[in-house]
1. Condition check: buried (at least 18 other Cβ atoms within 10 Å of the Cβ), of a type in the set (A, V, I, L, M, F, W, C) and in contact (Cβ under 8 Å) with a residue 40 or more places away in the chain. Does Val154 satisfy that?
2. Of the residues in the range 184-222, how many are over 17 Å from Pro169 (Cα atoms) and of a type in the set (D, E, K, R)?
3. Return the residues of the range 101-116 that are out of contact with any strand residue (DSSP E or B) (no Cβ under 9 Å at 6 or more places or on another chain) and surrounded by fewer than 14 Cβ atoms within 10 Å (Cβ to Cβ); say none if nothing qualifies.
4. Within the range 66-98, work out how many residues are small (Gly, Ala, Ser) and touching a residue at least 40 places away in the same chain (Cβ under 8 Å).
5. Have a look at Leu141, Leu134, Leu168, Leu189 and point out the one that is surrounded by 13 or more Cβ atoms within 10 Å (Cβ to Cβ), modelled with pLDDT of 90 or more, part of a helix (DSSP H, G or I) and of a type outside the set (Phe, Trp, Tyr).
6. Tell me, please, whether a residue that is acidic (Asp, Glu), outside the structural domain of Ser208 (by TED's automatic domain parsing) and loosely packed, with under 15 Cβ neighbours inside 10 Å can be found in the range 21-37.
7. When the residues of the range 192-207 are narrowed to those that are small (Gly, Ala, Ser) and in a helix (DSSP H, G or I), which ends up nearest to Ser135 (Cα to Cα)?
8. The conditions are (1) closer than 18 Å to Asn13 by Cβ; (2) at pLDDT 90 or above; (3) assigned to a loop (DSSP other than H, G, I, E, B), and Ser25 fails exactly one of them. Which is it?
Amino acid sequence: MDPCLKIAIIEDNDDLRSLLIQDLSIAGYFVKGAESAEQLDEIFAANRFDILIADVNLPGEDGFSIAARYKRLNANLNIVLLTARTSAADKVAGYGAGADLYLTKPVSNIELLAAISSISRRIRAQTAKFELTLSLKNLTLTGIKTIELNKHEVLIIKALSQSFASNLPYYKLLELCDEPVSETSKATLEVRIARLRKKFIEAGVDKSFRALRGEGYQLLVDVQIGL
């Protein structure tokens, strides 16, 4: 069990949602629940989650659509679909939408905790090598080695790290750098991101930023913010 693991649950059945939250909280996880896509967006705006557990048959936006949308926003988010739909076609659709696991209801407490534990081990294995730390005071990024940054690079990393799904549109990033919204400024931002990618590689991270075509950028790794 990893007490730092954060789990979001979307389930429109109040009793089942409460039971899932209770079981996972007792196991030591940080858990938040939502009954609709709108509520889920709100809790994701306030927290960064490692795992999303989603029912498929939901009013409004269904679980397949939610899984696909959140996977596009954060490729590192682990998604568990929990549903009574058991056909092979549904399972294929679920995995195609971005699910990492597809569990069929009713699922026992033991099976669910085993699934979460398996994901937790995978997350720990991916992050066990080192932790990235951004120093606001020293203007440095520390991974396998410490890399010097400039003021704008620090602001960009901090803002992306603390934003919803770790991504921001171009105009927000340009505002941080005190630059007007223009094609010239966007080109300058692209150069900044290219330089940051090289610095992340020096710090030990090969894949750090993803360009969201026509929209902005996403930070693909967790960065701890320090003084």
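1. Numbers: buried (at least 18 other Cβ atoms within 10 Å of the Cβ): yes; of a type in the set (A, V, I, L, M, F, W, C): yes; in contact (Cβ under 8 Å) with a residue 40 or more places away in the chain: no.
Considered against the rule, which asks whether it is buried (at least 18 other Cβ atoms within 10 Å of the Cβ), of a type in the set (A, V, I, L, M, F, W, C) and in contact (Cβ under 8 Å) with a residue 40 or more places away in the chain, Val154 comes out as no.
2. Matching residues across the range 184-222 total 8.
3. Filtering the range 101-116 for residues out of contact with any strand residue (DSSP E or B) (no Cβ under 9 Å at 6 or more places or on another chain) gives 106, 108-110, 113-114.
Listed by number, the residues that qualify are Pro106, Ser108, Ile110, Ala114.
4. So the first thing to find is which residues in the range 66-98 are small (Gly, Ala, Ser), and the list is 67-68, 75, 84, 87-89, 93-94, 96-98.
Right, trim to touching a residue at least 40 places away in the same chain (Cβ under 8 Å) and you get 75.
Qualifying residue count, the range 66-98: 1.
5. Details: Leu141 fails: part of a helix (DSSP H, G or I); Leu134 fails: part of a helix (DSSP H, G or I); Leu168 fails: part of a helix (DSSP H, G or I).
Residue meeting the stated conditions: Leu189.
6. Just the residues of the range 21-37 that are acidic (Asp, Glu), to begin with: 23, 35.
Subsequent filtering for residues that are outside the structural domain of Ser208 (by TED's automatic domain parsing) retains 23, 35.
Checking which are loosely packed, with under 15 Cβ neighbours inside 10 Å leaves us with none.
Within the range 21-37, not a single residue is acidic (Asp, Glu), outside the structural domain of Ser208 (by TED's automatic domain parsing) and loosely packed, with under 15 Cβ neighbours inside 10 Å.
7. Of all residues in the range 192-207, those small (Gly, Ala, Ser) come to 194, 203-204.
Narrowing the set further to residues that are in a helix (DSSP H, G or I) leaves 194, 203.
Working: Ala194: 20, Ala203: 13 Å.
Looking at residues that are small (Gly, Ala, Ser) and in a helix (DSSP H, G or I), I get Ala203.
8. Ser25 satisfies all of (1) closer than 18 Å to Asn13 by Cβ; (2) at pLDDT 90 or above; (3) assigned to a loop (DSSP other than H, G, I, E, B) except (3).
The values are calculated or read from the model by the stated rules, or taken from the named source; none is laboratory data. Note that the structure is predicted; figures quoted are calculated from it, not measured. We place every Cβ from the backbone using ideal geometry, glycine too, and count neighbours over all the protein chains shown.
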